[in-house]
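In what follows, a structure is listed as structure tokens, so that the remarks can point back to it.
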Amino acid sequence: LRSNGAALAWSSDSWVSSAGLNKRCAACWPLLGVPHNNSPLLTRRAIAVKIDNAPAARPHHGISKADMVVELLVEGFVTRLAAYFHSQDPDNVGAVRSVRYSDRYTTPMVRGILVASGASQSTSDLVNRDVANGNYVIVSPQFGQGAAFFRSSADGKVAPHNLFTTGAAIRAAAVAEGGATPVNIPSWDFLTSAVHHPTAGGFFGSVAASSIEIPYRSNATVRYQWNSESNTYARHQSNGISFQREVDAANGTAIAAKTIVIVNTDIITTSIFEDAGGAASLDMRLTGTGRATIFRDGRRQDGTWYRGTWFDPFTFISQNGERMFLSPGQTWLHIVPSDWSIPSS
């Protein structure tokens, strides 16, 4: 490990397990891990949509087409999603909500087009600075692209939980903002195939874990259940009364993640108030290092995350010192406080 100010890098040339089990996909979609076959879309920006996750905003639209989804805490310890679309674009996607500090730290790593309903004045000032520095592109009604969005009463939704857009509208709106410029999105660590030895890619010493719970507040608690036949994780989320299976309302596709990632880090309560209810906004540390857990193939491996800058993907190292790889397919990443424990069985 080498540290130089904000820079942080990990290098490892040895494996506890057989090196033959630990092959990283080299010609795959960077956020999905399946072969890109020299697709002409490979150099386009990822679309990074900020999605409402209040019970009134569910079910979500479009998320089954995301390469990767990040669930993040916001004021009041409710959560919102950041869905990253690169290998394919969504049709209808939403409901779209506003920017938070965390989006400034995650959107650059996917060279994203940040899609949001708006931002508070203090956050807006920071976003404008980021955009001027070329960190990412933004598409938002508040930032002048209102024509790309529409309100919908689908699923009985009402404002502010009913703002939607489409992948095509986002890309068209982003052209004027420089969003059509080719980019090179850094690749996350994926195994070469979804069919692999369960201890491959840093899972030597892992333990069985088919049920997972992310202990958010009662109307946001998440449970994942591993399905051995499909080797995927079904996502369920509480509305405060019962747990509902996550199904994409845009196309009826049930969410079936290949990998679940937990990033433990420092969550800080700020003096900024983004919420009309008076809850203080949260900030978080998303560079440096901290505890991490990866669930894959019905197994759990604990370790450490490393990230040097906002422009880098996360790197994960197992408790045995091996680099941990993700399974090709959709990944769900949860960023939670340092002192949280994630129960599994």
Problem set entry | Carbon and sulfur %, accessible surface of the chain computed with the full protein complex present, 1.4 Å | 52
Problem set entry | Given charges at beta-carbon only (K, R positive; D, E negative), |dipole| of region 216-345 in Debye | 340
Problem set entry | Rounded Å value of the spacing that divides the Cα centres of region 22-57 and region 166-237 | 9
Exercise. Counting alpha carbon pairs within less than 8 Å and at least 6 residues apart, what relative contact order, in whole percent, applies to region 130-223?
Worked result: 16
For this session: Kindly sort THR199, THR106 by accessible area of their heavy atoms, largest first, with the probe set to 1.4 Å.
Result: THR199, THR106
Exercise. Taking H as built 1.01 Å from N, whose amide H comes closer than 5 Å to the amide H of ILE267, not counting residues under 5 places away?
Worked result: SER338
Exercise. Which Cα, out of ILE260, ILE272, LEU282, lies furthest along the positive dipole direction of region 245-345 (beta carbon charges, K/R +1, D/E -1)?
Worked result: ILE260
Exercise. Any idea what the dipole of region 30-136 comes to, in debye rounded to 20, about its Cα centre with Lys/Arg Cβ at +1 and Asp/Glu Cβ at -1?
Worked result: 100
Exercise. When the Cα centres of region 121-154 and region 294-324 are compared, how far apart do they sit, in Å?
Worked result: 31
For this session: Specify, per residue and in Å³, the volume enclosed by the convex hull of the alpha carbon atoms belonging to region 194-338.
Result: 144
Problem set entry | Percent RCO, i.e. relative contact order, over region 279-322, from Cα pairs under 8 Å lying at least 6 residues apart | 31
Problem set entry | Inter-probe distance in nm under a simple model that places probes 7 Å from Cα toward Cβ, at SER338 and ALA26 | 3.9
Exercise. Which lysines have a Cα lying under 21 Å from the Cα of LYS65, excluding residues fewer than 8 positions away in the same chain?
Worked result: LYS50, LYS258
Exercise. When only DSSP loop residues count, what trypsin sites (Lys or Arg not before Pro) in region 264-328 have their Cβ near at most 16 other Cβ atoms within 10 Å?
Worked result: ARG285
Seminar exercise, completed: Of all DSSP beta bridges with both partners in the chain, the antiparallel percent, nearest 5, is 80
For this session: Specify the angular offset, from 0 to 90 degrees and rounded to the nearest 10, of the alpha carbon long axis of helix 121-132 from the longest principal axis of the alpha carbons in the chain.
Result: 70
Exercise. When the Debye formula is applied to the Cα atoms of region 76-189, each taken as the same point scatterer, what base-10 log of I(q)/I(0) results at q = 0.11, 0.18, 0.22 Å⁻¹?
Worked result: -0.34, -0.95, -1.42
Exercise. Using the per-residue mean of other Cβ atoms lying within 10 Å as a proxy for protection, in what order, highest first, do the peptides 126-138, 148-160, 40-52 fall?
Worked result: 40-52, 126-138, 148-160
Exercise. Which whole-number value in Å² is the accessible area per residue of the chain, probe 1.4 Å?
Worked result: 38
Problem set entry | √(5λ) per eigenvalue of the Cα gyration tensor, the chain, largest first, Å | 30, 22, 21
For this session: Could you work out the relative contact order of the chain, using alpha carbon pairs under 8 angstrom and six or more residues apart, expressed as a whole percent?
Result: 23
For this session: Calculate the translational D of region 248-321 in whole µm² s⁻¹ from Stokes-Einstein, where the hydrodynamic radius comes from the Kirkwood formula applied to all Cα pairs, the temperature is 20 °C and the viscosity 1.002 mPa s.
Result: 142
Exercise. Which percent, nearest 5, of DSSP beta bridges in region 244-345 are antiparallel?
Worked result: 75
Exercise. Which ³J(HN,Hα) values, rounded to whole Hz and listed in residue order, are derived for region 109-120 from phi using the Karplus coefficients 6.51, -1.76 and 1.60 in 6.51 cos²θ - 1.76 cosθ + 1.60 with θ = phi - 60°, glycine and proline given as x?
Worked result: 6, 10, 6, x, 9, 6, 10, 8, 6, x, 6, 5
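The values are calculated or read from the model by the stated rules, or taken from the named source; none is laboratory data. This structure is a prediction, so every number in the text was calculated from the model and none was measured. No Cβ is skipped: glycine too gets one built from the backbone with ideal geometry, and neighbour counts run over all protein chains shown. The area values use the complete protein model at the heavy-atom level, side chains included, leaving out ligands, DNA and RNA. Shrake-Rupley method; radii C 1.70, N 1.55, O 1.52, S 1.80 Å.
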